[in-house]
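The values are calculated or read from the model by the stated rules, or taken from the named source; none is laboratory data. None of these values were measured; they are calculated from a predicted model. Methodologically, a virtual Cβ is constructed for each residue, glycine included, from the backbone with ideal geometry; neighbour enumeration extends over all protein chains shown.
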Amino acid sequence: MAIRDLIISNRSCRRFEEGFAVERRTLEELVELTRFSASAANLQPLKYILCCEPAKNAAVFPTLAWAGYLKDWPGPAEGERPAAYIVILGDTEINNTFGCDHGIALQSILLGAREMGLAGCAIGLIKRDELRKALDVPARSEILLVVALGKPKEQVVIEEVGQDGSIKYWRDDAGVHHVPKRSLKELIIG
Ligand SMILES: Cc1cc2nc3c(=O)[nH]c(=O)nc-3n(C[C@H](O)[C@H](O)[C@H](O)COP(=O)(O)O)c2cc1C
């Protein structure tokens, strides 16, 4: 797929075919993409924990917050939850700030997943203490992001930001998720 098409098809997905397993090897392939991604001062301070076993997934899920703008939706129901997670950590023994390294790693993982026919969602709103306990995350590691992954079970479409200027995503009666994006004209200011 051309990079433009891949990026456009890479929408955050929050409902999955939970029964469709994502193997550990697949997660390793996705993390491998981050090895070849840019890193400030080439410090490569990011570390990862991979989760794809039902028991581990069940421990991770309650630590994550889903779709803050969808006030009436508590997050994916059983059967529609992610089949796997990649937890992105910052190793504080390498550096104490991580700049935008984890954003770059996130995009590499998500695009790689999309190319494989999977989909994902970055989760930044995390009950970090609970997740640390659940996965026994070492004290030296800062929890930066979780990437939820699986076979997509929802349709997501891009919309232009409307007259009201709202960037809040919404879901229609058919369950389609709509994501407003600002126009190119609004982004380029000079
Ligand atoms: C750093 C970061 C943190 C995010 N955290 C969450 C989150 O905690 N929960 C969630 O449901 N989505 C989260 N998202 C997904 C955004 O809501 C999503 O990217 C946005 O709605 C635009 O949709 P799109 O990814 O399809 O373009 C996060 C995205 C990024 C980049």
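Of these, LEU135, LEU184, LEU131, which one is out of contact with any Lys or Arg (no Cβ under 6 Å at 6 or more places or on another chain) and within 14 Å of the ligand (Cβ to nearest atom)?
It is LEU131.
Going by what's in this entry, would LYS168 be described as part of a loop (DSSP other than H, G, I, E, B) and either more than 13 Å from the ligand (Cβ to nearest atom) or closer than 17 Å to ARG14 by Cβ (or both)? Criteria met by LYS168.
Determine whether GLU29 is of a type in the set (D, E, K, R) and without any contact (Cβ under 8 Å) to a residue 60 or more places away in the chain. Explain how you work it out, then say what you get.
Values: of a type in the set (D, E, K, R): yes; without any contact (Cβ under 8 Å) to a residue 60 or more places away in the chain: no.
So GLU29 does not fit the description; no.
Residue pairs whose Cβ atoms lie under 8 Å apart, separated by 6 or more positions or on different chains, with the first residue in region 1-22 and at pLDDT 95 or above and the second among the aromatic types (Phe, Trp, Tyr), are ARG14/TRP66.
For GLN155, the conditions (1) touching a residue at least 40 places away in the same chain (Cβ under 8 Å); (2) within 14 Å of the ligand (Cβ to nearest atom); (3) surrounded by 14 or more Cβ atoms within 10 Å (Cβ to Cβ) all hold with the exception of (1). Inside region 15-30, residues that are touching an Asp or Glu at 6+ places or on another chain (Cβ under 9 Å) and more than 15 Å from ARG114 (Cβ to Cβ) make up a count of 4. Restricting the first member to region 117-145 and to residues that are under 24 Å from CYS100 (Cβ atoms) and without any contact (Cβ under 8 Å) to a residue 60 or more places away in the chain, and the second to residues that are among the charged types (D, E, K, R) and within 16 Å of the ligand (Cβ to nearest atom), the beta-carbon pairs closer than 8 Å and six or more apart or on different chains are ILE143/ARG128.
In region 91-108, the qualifying residues are those that are under 12 Å from LEU145 (Cα atoms) and of a type in the set (A, V, I, L, M, F, W, C), and the one that is nearest to the chain's Cα centre (by Cα) is LEU106.
Within region 9-22, restricting attention to residues that are buried (at least 17 other Cβ atoms within 10 Å of the Cβ) and part of a loop (DSSP other than H, G, I, E, B), the residue that is farthest from the ligand (Cβ to nearest atom) is VAL22.
The residue that is farthest from GLN44 (Cα to Cα), among those in region 138-152 that are within 16 Å of the ligand (Cβ to nearest atom), over 11 Å from the mean Cα position of the chain (by Cα) and not charged (D, E, K, R), is PRO152. Restricting attention to region 1-47, the residues that are among the hydroxyl-bearing types (Ser, Thr, Tyr) and more than 24 Å from ALA83 (Cα to Cα) total 2. Out of curiosity, is VAL157 within 25 Å of GLY175 (Cβ to Cβ), within 15 Å of the chain's Cα centre (by Cα) and part of a strand (DSSP E or B)? When the stated conditions are applied, VAL157 does not pass them.
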